[in-house]
Every structure is written in C-alpha cells, then in structure tokens.
Amino acid sequence: MRDIFGNPFRPVTFSLEWRTETTVALAAQMYESRDFSVMPILADALQDAGCDSADILDHCRGSGPHVRGCWVVDLVLGKQ
C-alpha cells in the first residue's frame, strides 16, 4: 500500500525542477514496462536534479516491491 500511497502522515513536496528529461524518461519506462528494477537509477537522477527529499530517495532505493501506481513514479510523471 505504501508503494502506491506513500506515507499519509508525512506528505512529500515535489519540486518541478526535479522533473528533468532523464527522470521523466526513466519513470515513463518503468510505468509502461512495469519493470521497476531501475528505481535506484531514478533515485540517482532525482538527486542529480537537486532532489534532497529523504522520503523520495529512500523509497526509490528501497527493496520494494514497486508496482505501477508507485507514488514517486506518479510524481515524476505529473500524475496526481
């Protein structure tokens, strides 16, 4: 459930600056293929874009399982 909804007690603010060509491409690839093995790479790309949110980065680097509807992937893709 946390993969889809995140932690309802700790809302995360997502900066539009973190939505780069690379982060969007990685998120779109995962969303379409349903292969979330590149989540750690998405974390690195988000960090390169200036993301300093421990909640986002830890979620991406966590063991999962990650599924379509993942709140981080949805944030990167602009799905609300």
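No lab work stands behind these numbers, since they all come straight from the coordinates. Because the structure is a prediction, the values reported are computed rather than measured.
For this structure, a couple of remarks:
- ³J(HN,Hα), Karplus 6.51/-1.76/1.60, whole Hz, each residue of segment 27-44, x for Gly, Pro: 5, 5, 4, 5, 4, 6, 8, 6, 10, 9, 5, 9, 3, x, 5, 4, 4, 4
- Gaussian network model of the chain, Cα within-10 Å springs - most flexible of Cys60, Cys51, Cys70: Cys51
- Rg and Dmax over the alpha-carbon atoms of the chain stand at 11.0, 30 Å.
- Taking the helices alone, the chain has a mean residue ellipticity at 222 nm of -14500 deg cm²/dmol, built from -39,500 (n - 2.57) per DSSP H run of at least 4 residues and averaged over all its residues.
- C-alpha center-to-center spacing [segment 56-80, segment 16-40] in angstrom: 9 Å
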